[in-house]
Every structure is written in structure tokens, then in C-alpha cells.
Amino acid sequence: MELDGNVITLPQGMELDLGAVGRGYAGDLAAELVEEEGVTSALLDIGGNVQAVGSRPDGSDWRLGLRNPFGEGNIGVLSVSDCAVVTSGNYERYFVGENGQVYGHIIDPETGHPVDNLRS
């Protein structure tokens, strides 16, 4: 990838997916919209991103279950209020190379290579 000012040039055959940025931005906008309409308590699901507007109607935190990526049930529960929660795992989005190697979609910014040990 080459960056020249505000122009990005990608090698032929390479694609850049900004879906994660788009969902995060959509979550922020959706939260702003419902708050502008007077909503003080909401839980918004934006395709893997969860946006908590305020806390639950009773004032307690929202409780979000983290699904076990390799089995049944949850591996944990997060208690949150008025924030976004995003998870992603290489077990859901990946491709298999010509050599049979599985490559996840999450890139290590230090190496530029897919992270191979990320579960969620």
C-alpha cells in the first residue's frame, strides 16, 4: 500500500475493507440520534458492535455475554454503560491460502501479518 498525501494506491488484487470503521461510526451516529430523540436507555446491535446508550432503565449496567468461539455458552460477561463494545475473532472471518494455511482478517500493525493467535 502506498500513501501519497491523501491518495492511497493499492497493488493490483489487494483490497482495503473499512467495515469496522464504518460500523463504529454508524454506532456513534445511531447513539447520537436516539439521544437527540430523548432516549436515555438503549442497547444497539450494529453487526458485532454493541452500542450502550446510558445504563439499563433500572440504572444498572448492561450485561453482555461474550460467546465462546469454540463451544457452547459464554466465556464471560461484561458489565457496561454508555459505551461501545466491539469483538472480533479470526474464527469467523478468515481465508485459506493456496498452501492450506488459514489467515485471519486481523492484522498485527507491528508486523503487517495476520494475527494467528487471536480468538475474540
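Among the residues making up region 32-65, those that are out of contact with any strand residue (DSSP E or B) (no Cβ under 9 Å at 6 or more places or on another chain), part of a loop (DSSP other than H, G, I, E, B) and charged (D, E, K, R) are E37, D58. Only strands (runs of 3 or more DSSP E) whose full extent lies in region 70-109 are considered here, and the ones with at least 2 residues that are in contact (Cβ under 8 Å) with a residue 24 or more places away in the chain are 74-80, 84-86.
Residue pairs whose Cβ atoms lie under 6 Å apart, separated by 6 or more positions or on different chains, with the first residue in region 13-29 and surrounded by 13 or more Cβ atoms within 10 Å (Cβ to Cβ) and the second among the hydrophobic types (A, V, I, L, M, F, W, C) and modelled with pLDDT of 85 or more, are R23/I46; A26/I46; G27/I46; G27/A84.
Quick one: would you say G13 is more than 29 Å from P109 (Cβ to Cβ) and assigned to a loop (DSSP other than H, G, I, E, B)? When the stated conditions are applied, G13 does not pass them. Looking across region 33-59, the residues that are within 19 Å of the chain's Cα centre (by Cα) and surrounded by fewer than 13 Cβ atoms within 10 Å (Cβ to Cβ) come down to D45, G47.
The set of residues in region 1-60 being modelled with pLDDT of 90 or more and among the basic types (K, R) consists of R56 alone. So, I8, is that one closer than 29 Å to P109 by Cβ, more than 18 Å from the chain's Cα centre (by Cα) and not in a loop (DSSP other than H, G, I, E, B) or not? Against the criterion (closer than 29 Å to P109 by Cβ, more than 18 Å from the chain's Cα centre (by Cα) and not in a loop (DSSP other than H, G, I, E, B)), I8 qualifies.
The values are calculated or read from the model by the stated rules, or taken from the named source; none is laboratory data. The structure presented is a predicted model; accordingly, all values stated were derived computationally and were not measured. FYI the Cβ positions are ideal-geometry reconstructions off the backbone, even for glycines, and counts take in every protein chain you see.
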